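The values are calculated or read from the model by the stated rules, or taken from the named source; none is laboratory data. None of these values were measured; they are calculated from a predicted model. Heads up, the Cβs are rebuilt from the backbone with ideal geometry, glycines too, and the neighbour counts pull from every protein chain shown.
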Amino acid sequence: MKFFLDTANLTEIKEAVALGVVAGVTTNPSLIAREKRNIHAVIKEIAGLVTGPVSAEVIATTYEEMLPEARELAGLADNVIIKVPVTADGLKTASALAAEGIKTNVTLVFSPNQALLAARAGAAYVSPFVGRLDDISQDGIELVKTIADIFAIHGVETEIIAASIRHPLHVTQAALAGATIATVPYKVLLALLKHPLTDAGIKQFLEDWRKANM
Ligand code: E4P
């Protein structure tokens with residue numbers, strides 16, 4: 001499983017990229033809004049910081065408006081891919097974009113059937129939202145596993161991005177469930193590194209070193 005960073009914050013992206021683990025970035029309108037900047041400027045800058053795919057989401061809700069908006073976003077940089085919601089208009093847009101060679105990430109996926117439809121419409125990626133399902137007492141990881149099983153049975157090559165990741169356990173579970181990618185907030189990425197025994201081990205090594213070199 002690879003890691004994408006789920007943020008539109010340039011500082012977080014720079015820090016995470018320096019760790020050498022970031023294979024791409026996902027954004028959404030809420031994350032872009034937090035930056036209080038023009039979406040095109042932000043996406044262009046992010047695309048310059050990472051070599052992998054950068055998901056930029058359309059705001060439009062109809063096919064007629066989504067398609068030109070998507071083309072404009074895709075034109076910002078070679079590694080920009082387009083996020084569309086899993087609606088009829090979204091699938092129509094994903095299908096049209098696939099025919100033009102523009103990759104899509106179909107988002108807001110909450111059921112296996114939505115994921116399969118998105119894949120068949122030509123989506124390069126589908127994003128099941130793990131945390132938001134957990135929030136309503138449904139099993140988000142089970143959804144990822146079911147999608148992965150269905151894709152494996154039918155030889156579907158669309159990649160599964162485990163999204164709406166809230167904590168490190170989600171990451172481990174998503175990897176075991178068959179997600180090809182987990183998109184994680186920066187604070188979750190840092191939390192993955194932490195273990196009290198690592199901290200205690202470093203402290204002990206340094207104390208022993210100092211004692212022996214007094
Ligand atoms: C990813 O593509 C989504 O934008 C994101 O993971 C949503 O996460 P949230 O449910 O924490 O807002």
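Values as computed for the structure displayed
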read-out: Complete set of residues in region 124-135 that are within 21 Å of G101 (Cβ to Cβ) and within 13 Å of the ligand (Cβ to nearest atom); value: Y125, V126, S127
read-out: Subset of region 171-194 (residues that are of a type in the set (V, I, T) and out of contact with any Ser or Thr (no Cβ under 6 Å at 6 or more places or on another chain)); value: V171, T172, T180, I181, V184, V188
read-out: Given (1) within 13 Å of the ligand (Cβ to nearest atom); (2) out of contact with any helix residue (DSSP H, G or I) (no Cβ under 7 Å at 6 or more places or on another chain), index of the condition K103 fails; value: (1)
read-out: Any hit, region 15-25, residues being within 12 Å of the ligand (Cβ to nearest atom) and at pLDDT 95 or above; value: yes
read-out: A77 being part of a loop (DSSP other than H, G, I, E, B) and under 22 Å from H40 (Cβ atoms); value: yes
read-out: Qualifying position, being within 14 Å of the chain's Cα centre (by Cα) and either closer than 19 Å to A118 by Cα or at pLDDT 95 or above (or both), among A162, A152; value: A162
read-out: Checklist (1) over 16 Å from the mean Cα position of the chain (by Cα); (2) part of a loop (DSSP other than H, G, I, E, B); (3) within 24 Å of A179 (Cβ to Cβ) applied to T51, failing item; value: (1)
